[in-house]
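The values are calculated or read from the model by the stated rules, or taken from the named source; none is laboratory data. What you see is a predicted model; the values in this text were computed from it and never measured. Cβ placement follows ideal geometry from the backbone for every residue including glycine, while neighbour counts extend to all protein chains displayed.
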Amino acid sequence: MDLPTKVQIKEVGPRDGLQNEKIFVPTETKVEWINQLSKTGLDYIEITSFVHPKWIPVLNDAVEVAKKIDRQEGVTYAALVPNRKGLERAIEADMDEVSVFMSASEAHNRRNINKFIANTFPVLQEVVKEALSAGKKVRGYVSTVFGCPYDGEVPLDNVKTVTDKLLEMGVYEVSLGDTIGVANPKQMDDVLSELLESFPTNKLALHLHDTRGMALANTVVGLSKGITVFDSALGGLGGCPYAKGASGNVATEDLIHMLHEMGIDTGTSFVPLMEAAKYIEAKLQKELPSRQLKL
C-alpha cells in the first residue's frame, strides 16, 4: 500500500472535545491542558469556539482562554466561529486561524445552525471575507458527510456543492466530517474516490468520530487515497450537541500510535501526549474512550 510518509494531526479536543461535556471545565484547567498540548509537537490546536454562550455554555470563556494560554512558536491556535459576531470576538482574542462550519444535510444544518444550507452560504461568505481581510486563514468544516442522524444517507452531490462553495469563498482546506461515526472503509473509499475527481488531496482533511470503532480503519483508507491531514481529540473526547448518537472523536493518542507503528511521521512526542491525556481524564473524573489510556 502506497502511503504518505508524514501527516498533520489537528487537535480539536479543547473545542470539539469539551463542547459536549455536561459540566463546565474551569478556565484554568483548559489553559493548563492547552499549554500541555502545545509541548507535544502538535502544530495545530483548536482551542475553543466563539459560538454564542447560550448555545455552548461550557465554552463561554473563549476570549479568556485565548488570552491566557502560553502560545508556542510554530503552533497554530485556531477557533470555530459561526458568524460575524463570533469572528469579531476571535479577532479580539488574536486567534491565528478561524474555522467556519456547516452540514451537507439539510436537517442537521437546520438544527446546528438554524438555517437552510442555501441561506448559510451568504453568512459564511461574509465571515470568510472579513477574516481574510483581517489576515486570518480560514478552514471549513462539513458535517454529516457520511450520514445524518435525521436525513440518513447524504447525497454526495450535497457534499460536493458545499465543499466547492467553501473553497470558492477562500477557505484553504475543507475537513470532511463523519459526525455520527457511521462510515465504513468501503464507503470511505467510494466517497473519497469520487470527491478526489473534483478536489485535490491538499484541499481535503478528515474529521472522524469513533462511534462504531471504525475511525482508525477509515483513517487507513484516507491515507491510501493521499489524505495527509486528520482531526482528532485527545482521550477520544467529543461529540456533537446537535447530532443524536454522536460519540467522541478518534483519540489523538490512538491515531498517533497507529501512525507511528506504520512508520508515518506526525511530528509529535508520545510521552507528553499521554501525560496531557491523563491530565484531562483526571480533571473530568471519568474514564475516556481512548484505548491507549486503558493500557
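Screening ALA205, ALA217 for residues that are hydrophobic (A, V, I, L, M, F, W, C), in contact (Cβ under 8 Å) with a residue 24 or more places away in the chain, within 20 Å of GLU253 (Cβ to Cβ) and assigned to a strand (DSSP E or B) leaves exactly one candidate, ALA205. Among the residues making up the stretch 62-102, those that are assigned to a helix (DSSP H, G or I) and either in contact with a strand residue (DSSP E or B) (Cβ under 6 Å, 6 or more places away or on another chain) or surrounded by 16 or more Cβ atoms within 10 Å (Cβ to Cβ) (or both) are ALA62, VAL63, VAL65, ALA66, GLY86, LEU87, ARG89, ALA90, ILE91. In the stretch 133-151, what count of residues is obtained for those that are within 20 Å of the chain's Cα centre (by Cα) and either closer than 12 Å to GLY170 by Cα or not in a strand (DSSP E or B) (or both)? Matching residues across the stretch 133-151 total 10.
Residue by residue, here is whether (1) over 24 Å from HIS108 (Cα atoms); (2) modelled with pLDDT of 95 or more; (3) surrounded by 16 or more Cβ atoms within 10 Å (Cβ to Cβ) holds:
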site	(1), (2), (3)
ALA205	no, yes, yes
MET214	no, yes, yes
LEU223	yes, yes, yes
VAL229	yes, yes, yes
HIS257	yes, yes, yes
SER269	yes, yes, no
ALA277	yes, yes, yes
SER290	yes, yes, yes
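Out of contact with any Phe, Trp or Tyr (no Cβ under 8 Å at 6 or more places or on another chain), surrounded by fewer than 16 Cβ atoms within 10 Å (Cβ to Cβ) and part of a loop (DSSP other than H, G, I, E, B): which single residue out of SER193, SER198 fits that description? None of the other options fit; the residue is SER198. Across the stretch 178-190, which residue is nearest to LEU223 (Cα to Cα) among those that are touching a residue at least 40 places away in the same chain (Cβ under 8 Å) and buried (at least 23 other Cβ atoms within 10 Å of the Cβ)? For the stretch 178-190, the residue satisfying everything is MET188.
Surrounded by 14 or more Cβ atoms within 10 Å (Cβ to Cβ) and free of Cβ contacts under 8 Å to residues at least 12 places away in the same chain: which single residue out of LYS136, LYS115 fits that description? It is LYS115.
Report, by residue number, each residue of the stretch 72-106 that is within 22 Å of GLY41 (Cβ to Cβ) and not acidic (Asp, Glu). Across the stretch 72-106, the qualifying residues are GLN72, GLY74, VAL75, THR76, TYR77, ALA78, ALA79, MET95, SER99. In the condition set (1) touching a helix residue (DSSP H, G or I) at 6+ places or on another chain (Cβ under 8 Å); (2) assigned to a loop (DSSP other than H, G, I, E, B); (3) without any contact (Cβ under 8 Å) to a residue 60 or more places away in the chain, VAL171 is compliant with all but (3).
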